[in-house]
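The structure appears below as structure tokens.
The values are calculated or read from the model by the stated rules, or taken from the named source; none is laboratory data. Note that the coordinates shown come from a computational prediction; the quantities given were computed from them, not determined experimentally. Glycine gets a Cβ as well: all are built from the backbone with ideal geometry, and neighbour counts include every protein chain shown. Keep in mind that these areas ignore ligands, DNA and RNA; they rest on the heavy atoms of the full protein, side chains included. Shrake-Rupley method; radii C 1.70, N 1.55, O 1.52, S 1.80 Å.
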Amino acid sequence: MFAKKITCPFVVCATVLISNQSFAQLSTVPKWEAGVHVGTYLYQGDLTPHAIGSLETIRPGFALSGTRILNRLFSVRMMFSMASLAGNESVYKFPAYRQQRNLAFNASVKELAVTFHWTVSGTNYDDVKWEPYVFAGAGASFVNVSRDYSRVNYEYFGENSQVQRGVAEDAVTPTPRVLMVIPAGAGIRYHLSKRFVLNLEGTYRFMHNDYLDGFSQAANPKLGDHYNSVTAGISYKFGNKEKYGCPAVN
């Protein structure tokens with residue numbers, strides 16, 4: 001007679017564990033993860049005609065992360081990012097007014113955010129290669145904005161134009177130092193081994209502010225500013241958590 005190997009359901013598994021723990025298979029799974037990430041950061045706002053953001057002034061960024069794996073589906077991550085952002089209207093030939101308005105800015109960004117991650121495949125504890133995930137959370141961006149309105153051609157827009165009045169108003173309006181952000185995005189993970197994981201993700205930051213680029217009234221006060229990023233990283237899993245697997249019955 002050939003032995004037929006079957007996997008018991010949860011109730012039977014629990015009964016076997018209680019009655020005779022020696023039949024259980026005790027395994028360990030990592031519960032923490034540390035990572036380093038590099039990528040590109042993209043400004044989106046008044047000083048670019050592109051809906052996706054200012055591709056012409058894309059800037060680099062760097063981040064460190066720590067993750068607590070909660071269960072098969074969910075984890076929580078804290079990430080500290082350092083990056084720069086920039087916008088420059090002189091790089092756009094169309095529409096023509098942008099090279100005449102010639103507004104520009106640079107900003108350094110230090111962001112601290114906590115995000116909750118959902119592993120779509122529910123495989124946080126499993127030996128798999130690919131894992132898609134989505135995430136959202138909250139954070140704060142500490143920014144240092146430097147704006148430049150020295151190249152505006154006021155003669156092109158006319159005396160007492162909206163641009164002239166707007167620049168005058170924006171020039172006396174303080175730029176933000178701290179911005180509350182809601183980061184949200186999606187990514188994919190690839191397991192090099194049980195401990196090392198590569199990841200690629202895109203993140204969009206929602207915020208309620210129109211002075212990330214230093215300008216509002218001189219440009220489009222109805223259009224808020226945002227920024228997004230695409231990063232790649234490598235993480236290391238550590239810290240074992242005991243987990244009982246359901247024993248096989250022969």
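Taking the Cα centre of the range 35-149 as origin and assigning +1 to Lys and Arg Cβ atoms and -1 to Asp and Glu Cβ atoms, the resulting dipole is close to 120 debye.
Angle of helix 10-19 to the longest C-alpha principal axis of the chain, folded into 0 to 90 degrees and rounded to 10: 50°. Amide H contacts for residue 149 (H built 1.01 Å from N in the peptide plane; partners 5 or more residues away or on another chain; cut-off under 5 Å): none found. Of 31/110; 129/237; 31/129, which ones are farther than 20 Å apart at the Cα? The pairs that break the limit, which is 20 Å between Cα atoms, are 31/110. On a 0 to 90° scale, report how tilted helix 162-171 is relative to the longest principal axis of the chain, with both axes built from alpha carbons and the result rounded to the nearest 10. Approximately 60 degrees, to the nearest 10. Shown are 180, 82, whose ranking by accessible area with a 1.4 Å probe and every protein chain present, most to least, is 180, 82. Note on the range 32-46 and the range 100-134: Cα centroid distance 7 Å, given to the nearest whole angstrom.
Going by accessible surface with a 1.4 Å probe and the largest first, 50, 208 read 208, 50. Karplus-derived 3J(HN,Hα) values for the range 47-54, using 6.51 cos²θ - 1.76 cosθ + 1.60 with θ = phi - 60°, are 8, 9, x, 7, 5, 6, x, 7 Hz; glycine and proline are entered as x. Counting heavy atoms of the protein chains alone, residue 152 has an accessible area of about 20 Å² for a 1.4 Å probe. Heavy-atom accessible surface of the chain, averaged per residue, reaches 55 Å², computed with a 1.4 Å probe.
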